[in-house]
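A short write-up of the structure that comes next.
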Amino acid sequence: MAAPLPLLSPSARGFRALPLPQRPSARQPIAPVLGRPPRVHLWHIGCQMNDADHEMLAERFAEIGCLPDAALDDADLAVLITCAVRQNAEQKVYGKFRELTEWKRERPGRAIAMTGCMAVEHGPALLGKLPDLDYLFDVRDPDGFLARLQAIHAADLDGPLPMPASDRLLAYISVMGGCNEMCTYCIVPFVRGRETSRPVGEIVEDVQRLVERGVREITLLGQNVNSYRDPGTGAGLPELLAAVDRVPGLWRLRFLTSHPRNAVPELFEAMRDLPTVCEQLHLPVQAGDDELLRRMRRLYTVDDYLEKIDTARATVPGLGLTTDIIVGFCGETDSEFLGTERLLRTVGYDVVHLQAYSVRPGTAAARRPDDVPLEEKKRRLNHLLELQRGIALERNRSLIGQSVEILVEGVTEDGRPYGRTRQGKTALLASGSALPGELREARVLSASAWQLSAATEAVAA
Ligand code: SAM
Ligand code: SF4
């Protein structure tokens with residue numbers, strides 16, 4: 001006889017959820033009694049927020065007695081954590097779903113659930129479009145879905161299961177949900193709602209728990225992470241970084257994604273002064289022309305942005321700087337595009353994430369003509385990719401002969417330990433010279449645009 005079911009803990013995330021409609025009862029999947037805990041396969045695509053949601057759901061499934069993160073072949077339930085930021089991400093989700101319909105037919109009782117941004121964007125229309133979809137739920141508030149799963153599998157569940165042992169060194173933690181910015185091209189505010197920050201104490205507890213399990217590097221996540229505010233005390237991101245920095249056993253701390261508007265000197269000072277906070281700043285600019293930025297509703301000018309970069313670089317020695325750029329936004333002229341090209345040359349980023357503009361239904365920009373032809377978007381994208389390749393190569397070569405700190409994350413197929421520097425650059429070491437989990441000082445021997453090759457010096461920790 002199964003032990004009493006655990007009570008569902010209140011949502012650990014504290015995000016305000018938009019209500020999602022339930023599938024009509026006539027279409028509920030009928031799951032046979034398995035006689036063992038249901039096995040769940042989690043799959044995600046998209047940004048690091050989805051990576052964090054993947055981990056959060058794995059824990060929630062274990063709490064109710066399901067085996068989280070099963071291999072697909074062994075699984076009873078597949079959960080897709082989706083992305084809606086660009087159309088091609090949605091296409092990938094539909095492709096994965098087609099694979100899963102085959103998987104579902106191979107054995108009766110299997111079920112498919114969908115969550116993440118597409119679940120909110122399309123809502124019940126997905127249930128009509130995908131007859132094999134059994135569950136749809138809002139990842140910010142999975143309690144109702146988990147309770148239904150508990151009810152359906154009451155005879156199979158036997159109390160909470162421990163999370164499987166993990167050898168993870170790196171982990172993401174969502175510190176806030178939503179975004180209040182309303183950039184005209186972006187669907188995130190519609191599918192993730194308004195900004196809601198979690199209390200500092202709760203985040204610190206998450207960090208402690210992960211560090212106890214062996215995690216050494218944490219990345220704090222929010223779509224607009226530098227507008228973080230503790231709901232009780234009003235503490236901002238610099239104070240949150242200081243609180244997390246004090247957790248014993250944590251080696252490295254990063255944060256993503258900062259909005260230029262909220263990139264204040266106090267944040268750069270925290271990066272300079274807190275030992276665990278890495279010298280890496282991801283500061284998406286999106287475009288290098290004031291009129292284009294105005295149409296995107298970014299609420300800063302190119303000069304404002306460059307001033308922030310100057311302050312950041314002057315405050316944080318050896319800062320690694322990365323950005324996001326959209327090419328081919330509505331009405332982007334040749335001269336506006338040249339502004340973006342100029343900005344890339346002026347700033348000299350370490351990495352640039354380039355995307356071609358993709359119309360997102362319901363956004364303000366969707367009401368404007370998407371008038372840069374696809375071929376021209378591709379040409380502009382390739383042009384900037386090539387330009388950035390040269391800039392990155394030059395920046396990486398300037399590190400040759402310098403000493404860098406590397407957290408070894410793994411070993412390549414040909415036996416070379418690899419990891420990342422504090423600036424977030426990938427570095428390869430000589431075979432046999434270091435083990436995963438070690439923090440090593442190494443001298444840079446050579447560099448390509450994408451990675452460094454280095455030789456270890458002394459053991460740092
Ligand atoms: N909050 C961050 C910011 O303000 O830059 C980024 C979050 S957004 C989910 C990640 C990136 O996706 C953006 O920086 C932007 O470059 C890109 N993106 C968002 N909407 C897009 C769209 N409609 N088309 C192409 N790229 C888009
Ligand atoms: Fe989207 Fe702009 Fe918010 Fe970033 S800041 S998530 S681009 S609306």
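Could you go through the range 441-450 in sequence order and give the Karplus-derived ³J(HN,Hα) for each residue, using 6.51 cos²θ - 1.76 cosθ + 1.60 with θ = phi - 60°, rounded to whole Hz, and x for Gly and Pro?
Once rounded to whole Hz, the list reads 8, 8, 9, 6, 9, 8, 8, 10, 5, 10.
Using only the Cα atoms of the range 310-363, what are the Rg and Dmax in Å?
14.1, 42
For the chain, what is Rg from Cα atoms divided by 2.2 N^0.38 Å, rounded to two decimals?
Numbers: Rg = 23.2 Å, N = 461, 2.2 N^0.38 = 22.6 Å.
Normalised Cα radius of gyration, the chain: 1.02.
Working from Cα positions, state the angle (0 to 90°, nearest 10) between the long axis of helix 334-347 and the longest principal axis of the chain.
80 degrees
Given a cut-off of 24 Å, name the pairs among LYS92/LYS378; LYS104/LYS129; LYS129/LYS377; LYS129/LYS378 whose C-alpha atoms lie farther apart than that in the structure shown.
Numbers: LYS92/LYS378 20 Å; LYS104/LYS129 17 Å; LYS129/LYS377 31 Å; LYS129/LYS378 31 Å.
Correct reply: LYS129/LYS377; LYS129/LYS378.
Over the chain, calculate the relative contact order: mean separation of alpha carbon pairs under 8 Å at least 6 apart, over the residue count, as a percent.
Values: 912 pairs, mean separation 50.2, N = 461.
Answer for the chain is 11 percent.
Dimensions of the range 370-461 along principal axes (Cα, Å, largest first)?
Rounded to whole Å, the extents work out to 55, 26, 21 Å.
Determine the relative contact order of the range 232-329: mean sequence separation of Cα pairs under 8 Å and six or more apart, normalised by residue count, in whole percent.
Details: 113 pairs, mean separation 30.1, N = 98.
Here the relative contact order equals 31 percent.
Please list, ordered by chain and number, the residues whose modelled amide H lies under 5 Å from the amide H of TYR228; skip anything fewer than 5 residues away on the same chain.
Here the answer is LEU237, since their amide H atoms fall under 5 Å of that of TYR228.
Viscosity 1.567 mPa s, temperature 4 °C: what is the translational diffusion coefficient of the range 182-254 from Stokes-Einstein with a Kirkwood Rh over Cα pairs, rounded to a whole number of µm²/s?
Details: Rh = 13.4 Å.
Roughly 97 µm²/s, to the nearest whole number.
Give a quick list of trypsin sites (Lys or Arg not before Pro) in the range 155-195 that DSSP marks as loop, anything other than H, G, I, E or B, with at most 12 other Cβ atoms within 10 Å.
Values: sites: ARG168, ARG192, ARG194; in loops: ARG168, ARG194.
Of the trypsin sites (Lys or Arg not before Pro), the ones in loops of the range 155-195 whose Cβ has at most 12 other Cβ atoms within 10 Å are ARG194.
In the chain, what cysteines have no partner Cβ closer than 4.7 Å?
Cys with no partner Cβ under 4.7 Å: CYS47, CYS66, CYS83, CYS117, CYS179, CYS278, CYS330.
When the Karplus curve 6.51 cos²θ - 1.76 cosθ + 1.60 is applied with θ = phi - 60°, which whole-Hz ³J(HN,Hα) does each residue of the range 413-419 get, with x for Gly and Pro?
Once θ is set to phi - 60°, the couplings for the range 413-419 become 4, 8, x, 9, x, 9, x Hz.
For the range 193-340, with only Lys/Arg (+1) and Asp/Glu (-1) charged at the beta-carbon, what is the dipole magnitude about the Cα centre, in debye rounded to 20?
Details: 17 positive and 24 negative charges, 102 e Å.
Dipole size: approximately 480 debye.
If one computes P(r) from the Cα atoms of the range 356-416, what percent of pairs lie at distances over 13 Å?
Working: 1404 of 1830 pairs.
Of all Cα-Cα pairs in the range 356-416, 77 percent lie more than 13 Å apart.
May I ask for the equivalent-ellipsoid semi-axes of the range 40-129, computed as the square root of five times each C-alpha gyration tensor eigenvalue and listed largest first in whole Å? Mind dumping the intermediate values first?
Details: eigenvalues 81, 59, 25 Å².
Semi-axes (√(5λ), whole Å): 20, 17, 11.
Hey, can you grab everything whose amide H is under 5 Å from the amide H of VAL327? Only 5+ residues off in sequence or another chain; H modelled, so Pro and N-termini drop out.
So VAL327 has HN proximity to GLN355, ALA356, TYR357.
Taking the Cα centre of the range 154-261 as the origin, how large is its charge dipole in debye, to the nearest 20, when only Lys and Arg (+1) and Asp and Glu (-1) carry charge on their Cβ atoms?
On the way: 12 positive and 13 negative charges, 78 e Å.
Charge dipole, the range 154-261, about its Cα centre: 380 debye, nearest 20.
Cα axis of helix 200-212 to longest principal axis of the chain: angle in degrees, 0 to 90, nearest 10?
Value to nearest ten degrees: 80.
Using alpha carbons only, how many degrees (0 to 90, rounded to 10) separate the axis of helix 87-106 from the longest principal axis of the chain?
Helix 87-106 sits at roughly 30 degrees to that axis.
Which residue, chosen from ILE203, VAL247, PRO275, occupies the Cα position most advanced towards the positive end of the dipole of the range 189-280, where the dipole is computed from +1 (Lys, Arg) and -1 (Asp, Glu) charges on Cβ about the Cα centre?
Of the options given, the answer is ILE203.
Mind putting a number on the dipole of the chain about its Cα centre? Charges go on the C-beta only, +1 for Lys and Arg and -1 for Asp and Glu, and I need it in Debye to the nearest 20. Numbers along the way, then the final one.
Numbers: 55 positive and 62 negative charges, 143 e Å.
It comes to approximately 680 debye.
Read the figures in this text as sums done on the coordinates, not as results from a lab. What you are looking at is a predicted structure, and each value in this text was computed from that prediction instead of being measured. Neighbour counts are summed over all protein chains in view; Cβ atoms, including those assigned to glycine, are modelled from backbone coordinates with ideal geometry.
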